[in-house]
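Just so it is clear, none of the values below were taken in a lab; they were calculated from the coordinates. The model shown is predicted, which means the values in this text are computed figures rather than measured ones. For neighbour counting, all protein chains shown are included, and Cβ atoms are generated from backbone atoms with ideal geometry for every residue, glycine included.
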Ligand code: NAD
Ligand code: TDX
């Protein structure tokens, strides 16, 4: 790691802190940095859950505000009330399948919401050269799809394919435009697929665990040969902490787990772990695997070349995929109340819409 920090966070606006990655981040950082104030701003969509944050809700350095980042007046009021030194921007509509069903919410939250934040930061920070940072959490999906070989690098051109990734790519372009035009001090990270505690069970890994628990069919899109690069969410949160404090202003970092698997291999691995943890007959849950029609425009493969962050900032993942998946399966099996609470009527309606007649 470089010797000296490049940024010293004091008052941090965390957007989307009630979601999967945001809550994992706050659960770690609020106790770790008692002298730093964290203001969590979240709209509490179906994906936001304050239950995740119960252990820090009374911490003296933590505040929750319910607001929509695309609501300009609400965001300006926040910037009037707090003197933010730092913005860590997680808030987004994050599920590709939902973006295919209803794209406009993605443009509003992911693209417009980001520009509203950038504009508020530019007004609040002016052209002051004091220590400020806008940290934008983006995704590897902005680069499109890889073939069997090679990885996404810092030179890979943008080529988003889904409404979700297009809305994130547009946001990335605006972040760079604000850096270039107004000198806003920004950092962008493009990360691969995360997994771990508190992930909403619309995403592949928690969906597989939950359906296996309920002995329901496990829907695998197409032939299951698509490849994702899986990173444990705690490794991602540590990477963000490092990039924020030690990364160069204006830099982009690619963050990945070297955890490439085909979806079918991954699903089998998760099911075998569930069987082992529940004492079921080994490999018995594999019979639940059901091939369903493919996701429209389904990207074939994602993989990250994370050399730059490793070589410049010394970050690398700590979890192996096997250990991370075992810990994740155990977490879901021991948090059935959390699962029950998020699997409400709106989840069932979504599930019916997404998976009926596939
Ligand atoms: P998530 O869907 O679990 O959580 C998103 C949070 O943002 C929720 O709490 C939601 O209520 C909030 N939110 C949504 N729209 C909002 C709005 N308009 N105003 C305020 N709050 C709003 O998502 P996640 O998986 O935690 O992803 C967080 C960020 O990381 C996203 O920007 C996503 O694009 C990015 N990312 C995710 C992954 C992944 O694998 N999950 C990988 C790379 C990058
Ligand atoms: O039921 C399913 N069956 C299936 O085969 C689901 C939900 C998914 N899949 C496949 C599609 C993908 O190839 O599994 C893979 C992973 O799917 P998701 O969990 O939906 O993730 P993905 O589409 O890869 O996007 C994720 O990683 C990048 C996050 O949702 C994004 O927010 C992040 O930016």
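What the table shows:
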quantity: Cα extents of the stretch 167-251 along the three principal axes, largest first (Å); calculated: 54, 26, 20
quantity: Among 342, 208, 233, residue whose mean-square fluctuation peaks in a GNM of the chain (springs only between Cα atoms under 10 Å); calculated: 342
quantity: Isotropic mean projected area of the C-alpha convex hull, the stretch 229-351 (nm²); calculated: 10.4 nm²
quantity: Descending semi-axes in whole angstrom, ellipsoid equivalent of the chain, from the Cα gyration tensor; calculated: 33, 22, 20
quantity: Spin-label model distance (nm) - residue 307 vs residue 105, 7 Å beyond Cα toward Cβ; calculated: 4.1 nm
quantity: Per-pair calculated FRET efficiency, R0 = 35 Å: residue 33 and residue 344 via Cβ, rounded to 0.05; calculated: 0.55
quantity: For the stretch 188-234 and the stretch 99-151, distance of Cα centres in Å; calculated: 23 Å
quantity: Estimated distance in nm for a label pair at residue 291 and residue 77, the labels positioned 7 Å out from Cα along Cα-to-Cβ; calculated: 5.4 nm
quantity: The stretch 90-168, relative contact order in percent, only Cα pairs under 8 angstrom and at least six apart counted; calculated: 43 percent
quantity: Helix-only CD estimate at 222 nm, as mean residue ellipticity for the chain, using -39500 (n - 2.57) per DSSP H run (n ≥ 4); calculated: -12000 deg cm²/dmol
quantity: Cα shape, the stretch 30-117, gyration tensor, a/c 1.5 rule; calculated: oblate
quantity: Calculated diffusion of the stretch 1-63, Stokes-Einstein form, Kirkwood radius summed over Cα pairs, 10 °C and 1.306 mPa s, µm²/s; calculated: 130 µm²/s
quantity: Beta bridges by DSSP in the chain, antiparallel share as percent, to the nearest 5; calculated: 10 percent
quantity: Degrees separating the helix 263-278 axis from the principal Cα axis of the chain, which is the longest one; calculated: 80 degrees
quantity: Among 146, 76, 101, residue whose mean-square fluctuation peaks in a GNM of the chain (springs only between Cα atoms under 10 Å); calculated: 101
quantity: Contact order relative to length of the stretch 115-204, as percent, for alpha carbon pairs under 8 angstrom and 6 or more apart; calculated: 40 percent
quantity: Value of Rg to Rh for the stretch 68-130 (Rh from inverse mean 1/r over Cα pairs, i.e. Kirkwood); calculated: 1.06
quantity: Listed residues 176, 301, 348, most fluctuating in the chain (Gaussian network, C-alpha, under 10 Å); calculated: 348
quantity: C-alpha long axis of helix 204-213 to longest principal axis of the chain, angle in °; calculated: 40 degrees
quantity: Length-normalised contact order of the stretch 270-358 in % [C-alpha pairs under 8 Å, at least 6 apart]; calculated: 29 percent
quantity: Cα-based helix-to-principal-axis angle, 321-333 vs the chain, degrees rounded to 10; calculated: 80 degrees
